[in-house]
Amino acid sequence: MTVMPRPSILSVEPYVGGESKIPGVNRIVKLSSNEGAFGPPPAAIAAIEAMARDAHRYPDGGAKALREAIGARFGLDPARIVVGNGSDELISLLILAYGGEGTELVMSAHGFMMYDITGRWAGCRIIKVPERNLTADIDGMLAAVGPRTRLVFLANPNNPTGSILPQSEVERLRAGLRDDILLVLDSAYAEYVTRPDYDAGAKLVDASGTTIGGRAVGTTVMTRTFSKIFGLGGMRLGWCYAPAPVVDVLSRVRGPFNVNAAAMAAGIAALGETGWMQCAIEHNTLWRGRVVAALEAAGIKVWPSEGNFVLADFGTPAKAKAADDALKARGLIVRAMGGYGLPQCLRITIGTAEECTMVTEALTAFMHG
Ligand SMILES: *Cc1c(COP(=O)(O)O)cnc(C)c1O
């Protein structure tokens, strides 16, 4: 006899993060995890350093100052914000609280991996809905919903495809779901989106529990992160905006000190660096366009992206692997996409100008080689 976890746990494939080392290569350029191109904002670095002296103190378990700073920045009620050890933690808590054995979780086929990983951990049956043109198919997702469905996840923009749905489609999804189904809008890349009609999710969160045209609107939660534009992936800091009943549930299940003091201080400082952030957004828009243009000129198909990354499509898994090898030989690490069911693709994070140029030159040489 031996100890055994619940059977569903053994169906979980451990998460494999972006690589960060290449044996024998000294200078590496890591463009595999969609981390901000410029490192942490300078004020966040100073805040983390200053925090070291108080490391013996427990953090504020209520995260009051951070929630107020997030609320002020995004125009949201701090009482409806919950912070987490990365948005991954909040995604996990939502799945564990609202899903579990006997329930189903619906996501799009190439949606973010953590919904699948944590969903299995919780014991949910995971329903992956085929996409159209690597974009979530709302009709397909609605058709996949069954009596046991309790959770629907949509990353908008999505990682790794970069695709985005218009607000009308997101609203159509919510309107088509029963009100005992929680819709989670994962807006990890919201800050990069430049479309005027984009809403990161607050509108549907606010509509939760109201009636539109005599029909009750179900519950929606929006998750956000400090790991991408804010350059704080190593601090593990995310947040969600949710209706009061969901905030109540999360405050029961989260650890009392789930976010550490340095992460909170860094987050508050990062929110204050609005000029720095604006530069990061402008850099991303400019260089994402340049990377797409250069790759297309080299004969590579690139899927349209609203995030800080692009998905390069080499047509076949073998060609994608050869391209990956060619990049590695130059110390460039991007993300292979086999785990996402897209083995013909590589996902490339938009780095600094120099890093972007290195990647596009390497891939141009590869295509001509
Ligand atoms: C990076 C990412 C996250 C996770 O962010 P953390 O806050 O670092 O846990 C969540 N969702 C998507 C779609 C992401 O790409």
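The values are calculated or read from the model by the stated rules, or taken from the named source; none is laboratory data. Predicted, not measured: the structure shown is a model, and the values here were computed from it. We place every Cβ from the backbone using ideal geometry, glycine too, and count neighbours over all the protein chains shown. These area figures cover heavy atoms from the full protein model, side chains too; ligands, DNA and RNA do not enter into them. Shrake-Rupley method; radii C 1.70, N 1.55, O 1.52, S 1.80 Å.
Being away from the ligand (no atom under 11 Å from the Cβ), at pLDDT 95 or above and within 29 Å of residue 309 (Cβ to Cβ) narrows it down to one of 194, 225, 220, so name that one.
Only one candidate qualifies: 220.
I want to confirm something. Restricting to the stretch 302-354 and keeping residues that are within 15 Å of the ligand (Cβ to nearest atom) and of a type in the set (Ser, Thr, Tyr), which single residue is nearest to residue 18 (Cα to Cα)?
So the residue we want is 349.
Can you find even one residue in the stretch 78-91 that is acidic (Asp, Glu), closer than 25 Å to residue 249 by Cβ and open to solvent by 30 Å² or more (accessible area, probe 1.4 Å)?
Yes, the stretch 78-91 has at least one match.
Residues in the stretch 141-153: is at least one more than 18 Å from residue 179 (Cβ to Cβ), open to solvent by 20 Å² or more (accessible area, probe 1.4 Å) and away from the ligand (no atom under 11 Å from the Cβ)?
Looking for residues that are more than 18 Å from residue 179 (Cβ to Cβ), open to solvent by 20 Å² or more (accessible area, probe 1.4 Å) and away from the ligand (no atom under 11 Å from the Cβ), one finds at least one in the stretch 141-153, hence yes.
Out of the helices (runs of 4 or more DSSP H) lying entirely within the stretch 274-369, which hold 2 or more residues that are under 21 Å from residue 161 (Cβ atoms) and open to solvent by 10 Å² or more (accessible area, probe 1.4 Å)?
Result: 274-297, 317-329.
Taking the stretch 200-243 on its own, how many of its residues are open to solvent by 60 Å² or more (accessible area, probe 1.4 Å), farther than 14 Å from residue 179 by Cβ and not in a loop (DSSP other than H, G, I, E, B)?
Number of matching residues: 3.
So is residue 17 assigned to a loop (DSSP other than H, G, I, E, B), open to solvent by less than 20 Å² (accessible area, probe 1.4 Å) and closer than 24 Å to residue 309 by Cα or not?
Here the answer is no, as residue 17 does not meet what is asked.
Please identify the pairs in which a residue from the stretch 340-369 that is over 19 Å from residue 318 (Cβ atoms) has its Cβ atom under 7 Å from the Cβ atom of a residue that is among the aromatic types (Phe, Trp, Tyr) and in a helix (DSSP H, G or I), counting only partners at least 6 apart or on another chain.
So the pair list comes out as 350/287; 353/287; 356/287.
Within the stretch 43-58, can one find any residue that is within 16 Å of the ligand (Cβ to nearest atom) and more than 27 Å from residue 253 (Cβ to Cβ)?
Yes, some residue in the stretch 43-58 is within 16 Å of the ligand (Cβ to nearest atom) and more than 27 Å from residue 253 (Cβ to Cβ).
Please work out which residue is nearest to the ligand (Cβ to nearest atom), limiting yourself to the stretch 96-113 and to residues that are surrounded by fewer than 19 Cβ atoms within 10 Å (Cβ to Cβ) and in a helix (DSSP H, G or I).
113
Counting only residues that are acidic (Asp, Glu) and out of contact with any strand residue (DSSP E or B) (no Cβ under 7 Å at 6 or more places or on another chain), which one in the stretch 272-328 is nearest to residue 42 (Cα to Cα)?
Result: 273.
Step by step: first the residues of the stretch 160-176, then only those that are open to solvent by 10 Å² or more (accessible area, probe 1.4 Å) and either within 12 Å of the ligand (Cβ to nearest atom) or assigned to a loop (DSSP other than H, G, I, E, B) (or both), then the one that is nearest to residue 211 (Cα to Cα). Which residue is that?
166
Condition first: part of a helix (DSSP H, G or I), near the ligand (Cβ under 10 Å from one of its atoms) and among the small types (Gly, Ala, Ser). Now tell me which residues in the stretch 72-95 satisfy that.
Those that are part of a helix (DSSP H, G or I), near the ligand (Cβ under 10 Å from one of its atoms) and among the small types (Gly, Ala, Ser): 87, 92.
In the stretch 20-42, what count of residues is obtained for those that are open to solvent by 40 Å² or more (accessible area, probe 1.4 Å) and either away from the ligand (no atom under 16 Å from the Cβ) or at pLDDT below 90 (or both)?
Residues that pass the stated criteria total 10.
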